[in-house]
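The block underneath contains the structure these notes are about, expressed in structure tokens.
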Amino acid sequence: MLVRLPGIYPPQEDTWLLAGTLAGENLGSHSRVLDICTGTGVLSLCAAAAGAGHVTAVDMSRRALATTWINALLRRHSVRVMRGNLTEPVRGQLFDVIVSNPPYVPALDDVLPTRGVERAWDAGVDGRMLLDRICLQAPAVLAQSGVLLIAQSVLSGVEKTQAMLEEQGFSVEIADRVEIPFGRVLSARAALFEDRGLIDTGQRTEEIVVIRAVK
Ligand SMILES: C[S@@+](CC[C@H](N)C(=O)[O-])C[C@H]1O[C@@H](n2cnc3c(N)ncnc32)[C@H](O)[C@@H]1O
């Protein structure tokens, strides 16, 4: 059972797709894993259960971190929880694997929510406000030969993520992908996405991918 305090993102298809790729990584007792945008902490728990020795979970939301802390305690996993903006709380530290399922849904405007459930998915007009920052910040906290795993929708520009990471010397691949029906949030924005040319008229599915980048 996973505890989830009110307003915290429930693990969904993107979470499980990322968890599947994470399960394929070599996580020994010396490995250091960073989970950026941890939510319930589910990906941190997966890393700890797979044998990672040092797991750090970061989120802006105090309630997400409380949720993660409780979930780790219930499973007797050791997870360090840190509050802050993406990699800021771990500046100067190095990790072997970074995993992130950040907000990536294209929004009405470029104002990022500072509270409420929308903080888990809204990511600016192009859906890239968090993705771009992660692509730029991750290299500084990733050890040599370290692996970065990011989940995102094709609606928020997979090629841009690939290009940004390749420009910084990463070897990049799409590790996994899944086509899923629009949920409540995307259904409510379908007309907006059609107007912007992000989807075909009548399209009500999106593809989620996991990008795997090796430093
Ligand atoms: C899509 S949820 C992912 C939760 C969990 N990792 C999962 O896959 O189920 C995104 C999470 O990012 C957090 N978040 C949003 N902006 C953030 C930021 N700038 N820095 C750290 N966390 C952030 C939200 O609070 C939310 O918990």
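Laboratory data are not the source of any read-out in this text; all were calculated from the coordinates shown. Small disclaimer: the values here were computed from a predicted structure and weren't measured. Every residue, glycine among them, receives a Cβ derived from its backbone with ideal geometry; neighbour counts consider all protein chains shown.
Values for this structure:
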| item | result |
| --- | --- |
| Filtered residues of the range 67-113 (kept if of a type in the set (A, V, I, L, M) and under 11 Å from T38 (Cβ atoms)) | A72, V79, V81, M82, V99 |
| Selected residue (only one of R119, R196, R115 is surrounded by fewer than 18 Cβ atoms within 10 Å (Cβ to Cβ) and within 16 Å of the ligand (Cβ to nearest atom)) | R115 |
| Residue, nearest to the ligand (Cβ to nearest atom), within the range 35-79, restricted to residues that are among the charged types (D, E, K, R) and buried (at least 17 other Cβ atoms within 10 Å of the Cβ) | D59 |
| Set L86, L130: member being on the phi > 0 side of the Ramachandran plot, near the ligand (Cβ under 9 Å from one of its atoms), crowded, with 20+ Cβ neighbours inside 10 Å and touching a residue at least 12 places away in the same chain (Cβ under 8 Å) | L86 |
| G92 more than 14 Å from the ligand (Cβ to nearest atom), farther than 24 Å from Q162 by Cβ and out of contact with any Leu (no Cβ under 9 Å at 6 or more places or on another chain) | yes |
| L142 surrounded by 15 or more Cβ atoms within 10 Å (Cβ to Cβ), out of contact with any strand residue (DSSP E or B) (no Cβ under 8 Å at 6 or more places or on another chain) and more than 25 Å from I8 (Cα to Cα) | no |
| Cross-chain or 6+ apart pairs with Cβ under 8 Å, the range 165-183 first and free of Cβ contacts under 8 Å to residues at least 60 places away in the same chain, then surrounded by 14 or more Cβ atoms within 10 Å (Cβ to Cβ) and in a loop (DSSP other than H, G, I, E, B) | G169/K215; F170/K215 |
| Qualifying positions in the range 123-151 - of a type in the set (D, E) and under 13 Å from the mean Cα position of the chain (by Cα) | D132 |
